[in-house]
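Here is the structure we will look at.
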Amino acid sequence: MAATSLDWAGGAACRGSEGSLFYSADSAERKEDRLEREQLAKRICAGCAVREECLHAALERHESYGIWGGLNEFERRALTRA
Ligand code: SF4
C-alpha cells in the first residue's frame, strides 16, 4: 500500500499536547506571551521524531499559522526565501 502524506503524524510528539501551545488562541497575544508559548512548543518539536516530515508538509501546504516542525510562520517563510 502506498504511503499517505500524513503517515508521519502518528509519531508526532505533540499528540495530546495543548493545541494552544502551537497556535495563538488570541489575535491580540502580547509579544512576550507569544515568545514564551512558542518556546514551549518548540521544546516539544525539538524532541519529535517526525520533525523533518512535519516541517516539509507545512512548507508544501504553505501553512500560514502555528508552529510546525519547530518553526513559526515567519521562520518558515524566511526558510523558503533563502
Ligand atoms: S515537529 Fe512539532 S508540530 Fe510537528 S509533529 Fe512534531 S511536535 Fe508536532
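Per-structure values
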| read-out | value |
| --- | --- |
| Leading residue by the ranking (surrounded by the fewest Cβ atoms within 10 Å (Cβ to Cβ)) among those in segment 40-82 that are closer than 18 Å to GLY19 by Cβ and aromatic (Phe, Trp, Tyr) | TYR65 |
| Residues (among the hydroxyl-bearing types (Ser, Thr, Tyr) and within 20 Å of LEU6 (Cα to Cα)) located in segment 24-67 | SER64, TYR65 |
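Read-outs throughout are calculated quantities, based only on the coordinates presented, and are distinct from any laboratory measurement. Just so it is clear, the structure is predicted and the values come from calculations on it, not from any experiment. Because the Cβ atoms are built from the backbone with ideal geometry, glycine has one as well, and the counts that use them run over all protein chains shown.
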